Structures are given as C-alpha cells and as structure tokens.
1. Tell me which residues, restricted to region 27-53, are under 13 Å from Tyr79 (Cα atoms), open to solvent by less than 50 Å² (accessible area, probe 1.4 Å) and not acidic (Asp, Glu).
2. Determine if region 38-56 includes at least one residue that is hydrophobic (A, V, I, L, M, F, W, C) and modelled with pLDDT under 95.
3. Give all pairs with beta carbons closer than 7 Å in which a residue from region 40-58 that is β-branched (Val, Ile, Thr) meets a residue that is buried (at least 17 other Cβ atoms within 10 Å of the Cβ) and part of a strand (DSSP E or B); count only pairs at least 6 apart in sequence or on separate chains.
4. With open to solvent by less than 40 Å² (accessible area, probe 1.4 Å), farther than 17 Å from Tyr48 by Cα and either modelled with pLDDT of 90 or more or under 13 Å from the mean Cα position of the chain (by Cα) (or both) as the only criterion, which of Val165, Val127 stands out?
5. If only one of Arg73, Arg24, Arg19 is over 30 Å from Asp123 (Cα atoms), assigned to a helix (DSSP H, G or I), at pLDDT 90 or above and open to solvent by less than 70 Å² (accessible area, probe 1.4 Å), which one is it?
Amino acid sequence: LQNNEAALGYDLASDETRRIALERARDTGTIAATGRIQLVQETTQNQYGFLLFVPIYQVVAAPASATTLATRRASVAGYVLSVFRIADVVEESLRDLDYDIDFYILDQTAKPTEQLLGIYNADAQSVRVRSPTLPTVNPAPHALCATPSDCMQQIQLGQREWQIVF
C-alpha cells in the first residue's frame, strides 16, 4: 500500500485506455495490456506505465466449446491486475548486462502520437520518455545492422505489438 495510496479505490473503467484493455481481456478471455498510461500513483510526469489484465470468470454450466462473447461478458467475476512502470521493467532487466546500446521502445498498436514508450540511454542506464522525433533505421556502411530489420525486435505483449529499435 505504501506509495500507492493514490491508486486505492481508483475506478479503472473511468479511463478510456484502461477500459479498452479491460473489455478486450473480458471479451477474448486472454491477457490484455493497456497502451501507455500515466500511473495514478506516479509522482513524476515523465514516466509511462502499462497495466496487464487477466479476466476471471464464474463457472458456467456449459461446455467450453459453447463459450460465446455474451457468455464471457455475463460471467466475468473480476480481473487479476499487474501494474508496470516501463522504466523499472527495462532498467531491472538490463541491470546485470554490460552493453552500450541505446534503443527505443514503441507500441505499434497505439496511435502514432502515443507510440513512444521510452528511450533507453546506455550511458545513463536509464529510460526517458521525451524525444523530438521517432527513430528511423537507415544503416550506414559498416554499421552493426546490415538491414533495418536487423536493428529491430518485435514483442507481443497482452494483445499489443511492441517494437524495440536499436
């Protein structure tokens, strides 16, 4: 609870980005991620986060093959929620690595103005969220990436398509 008091009692469906992910999880029966959001408990304005929702359904006396959208909507009992701050996820996963590679993290599923999730700066070993322009990959001769696709990695996350551009 400590440092999360602002999120206590927050109505997740009151925000469009969160509501869309809630409904997608409910309707598909699988994990759904939000687009980038400002976490309710975030104290700085320069960090993005995302939520993952897993729907929980009441037991329905029907075979699994009879599950329909209407059945899922009527039988949702709640959700398991995970809250992630993008900088924490990236910095923790790279903590023990010793590589000097900067990269952008983009949400290809989002509107173009909301695609940037973060920019990892290897020198500072931190993530920032401001950039004057989105990256374009045009390898120079003798570059580490022979083709633009060599400098990109696609990640599927909660029905969203993320791209990492090195």
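1. The answer is Gly29, Ala32, Ala33, Leu51, Leu52, Phe53.
2. Within region 38-56, the subset hydrophobic (A, V, I, L, M, F, W, C) is 39-40, 50-54, 56.
Those still in the list that are modelled with pLDDT under 95 too: 39-40.
Yes: region 38-56 contains one or more residues that are hydrophobic (A, V, I, L, M, F, W, C) and modelled with pLDDT under 95.
3. Taking only residues 6 or more apart or on different chains, the pairs are Val54/Tyr79; Ile56/Tyr79.
4. On the way: Val127 fails: farther than 17 Å from Tyr48 by Cα.
Unique residue meeting the criteria: Val165.
5. The match here is Arg24.
Residue-wise test of (1) open to solvent by 30 Å² or more (accessible area, probe 1.4 Å); (2) in a helix (DSSP H, G or I); (3) at pLDDT below 90; (4) closer than 30 Å to Val80 by Cβ.
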| site | (1), (2), (3), (4) |
| --- | --- |
| Leu117 | no, no, no, yes |
| Pro132 | yes, no, yes, no |
| Asn138 | yes, no, yes, no |
| Ala143 | yes, no, yes, no |
| Ala146 | yes, no, yes, no |
| Gln153 | yes, no, no, yes |
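Yes/no matrix, rows are residues, columns are (1) closer than 23 Å to Gln115 by Cα; (2) in contact with a Phe, Trp or Tyr (Cβ under 9 Å, 6 or more places away or on another chain); (3) in a loop (DSSP other than H, G, I, E, B):
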position: Gly35; (1), (2), (3): yes, yes, yes
position: Thr44; (1), (2), (3): yes, no, yes
position: Leu51; (1), (2), (3): yes, yes, no
position: Ala77; (1), (2), (3): no, yes, no
position: Val90; (1), (2), (3): yes, yes, no
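The values are calculated or read from the model by the stated rules, or taken from the named source; none is laboratory data. Predicted model only: the values in this text are computed from it and were never measured. Heads up, the Cβs are rebuilt from the backbone with ideal geometry, glycines too, and the neighbour counts pull from every protein chain shown. Accessible surface is based on the protein model in full, side chains and every heavy atom, while ligands, DNA and RNA are left aside. Shrake-Rupley method; radii C 1.70, N 1.55, O 1.52, S 1.80 Å.
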